[in-house]
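Trainee: Could you have a look at this structure, given as structure tokens, before my questions?
What follows draws every value from the coordinates through simple rules; no lab data is involved. As the structure is a prediction and not an experimental result, all values here were calculated from the model. Every residue, glycine as well, gets a Cβ built from its backbone with ideal geometry; the counts of neighbours run over all protein chains shown.
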Amino acid sequence: MKRFFLVAAAALSVTVALPAAAQFQKPEDAIKYRKAAFSVMATHFGRLGAMANGRIPFDAKVAAENADIALAMSKLPYAAFPEGSDKGDTKAKAEIWTEGDKFRASAAKMQEEMVKLNAAAKTGSVDNLKAAFGPTGAACKGCHDAYRKE
Ligand code: ASC
């Protein structure tokens with residue numbers, strides 16, 4: 001039994017360590033996956049924005065919950081840009097693959113801002129949330145302007 005678990009654990013670690021492209025059977029699977037992650041991120045980021053902008057009342061617990069989901073989603077999309085996934089139902093620009101380092105830096109910037117936004121949301125202060133929301137949105141926009149087609 002112990003041996004079974006060791007083998008299962010080893011198999012799992014191999015799966016996790018596979019390169020991003022190998023995790024998707026087809027380019028359209030990667031496209032669907034990254035769009036889903038961005039969509040969930042946008043939904044929960046948007047709820048934080050509604051609180052930051054006073055469109056809905058600030059609630060510290062709700063802010064923390066939304067910030068956790070947005071943060072978790074921010075980590076997911078970038079394993080889902082394998083070569084060949086520039087074609088199909090996607091607005092991804094070719095530059096994602098021709099200037100990969102810049103693209104990844106732009107993604108990392110958003111992820112850093114999302115960590116700060118998460119921390120801000122958890123202070124329980126709407127002013128902290130407001131201060132962190134703008135830079136995070138700017139990081140989203142920076143990547144969209146450079147790497148997303150209209
Ligand atoms: C959002 C959302 C984005 C970003 C971006 C910021 O709420 O869904 O993609 O903010 O529009 O400019």
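Trainee: Out of (1) touching a helix residue (DSSP H, G or I) at 6+ places or on another chain (Cβ under 9 Å); (2) free of Cβ contacts under 8 Å to residues at least 40 places away in the same chain, the odd one out for Ala105 is which?
Mentor: (1)
Trainee: Quick one: in the range 106-149, which of the residues that are among the acidic types (Asp, Glu) and within 13 Å of the ligand (Cβ to nearest atom) is farthest from Ala42 (Cα to Cα)?
Mentor: Asp145
Trainee: Taking the range 100-150 on its own, how many of its residues are among the hydroxyl-bearing types (Ser, Thr, Tyr) and under 17 Å from the mean Cα position of the chain (by Cα)?
Mentor: 3
Trainee: Is there any pair with a first residue in the range 30-45 that is more than 13 Å from Cys140 (Cα to Cα) and aromatic (Phe, Trp, Tyr) and a second that is outside any helix (DSSP H, G or I) and away from the ligand (no atom under 12 Å from the Cβ) whose Cβ atoms are under 9 Å apart and which are 6 or more apart or on different chains, and what are they?
Mentor: Pairs that qualify, where the first residue is more than 13 Å from Cys140 (Cα to Cα) and aromatic (Phe, Trp, Tyr) and the partner is outside any helix (DSSP H, G or I) and away from the ligand (no atom under 12 Å from the Cβ), are Tyr33/Phe24; Tyr33/Leu76.
Trainee: Just one of the numbered conditions (1) within 14 Å of the ligand (Cβ to nearest atom); (2) touching a helix residue (DSSP H, G or I) at 6+ places or on another chain (Cβ under 9 Å) is not true of Ala50; which one?
Mentor: (2)
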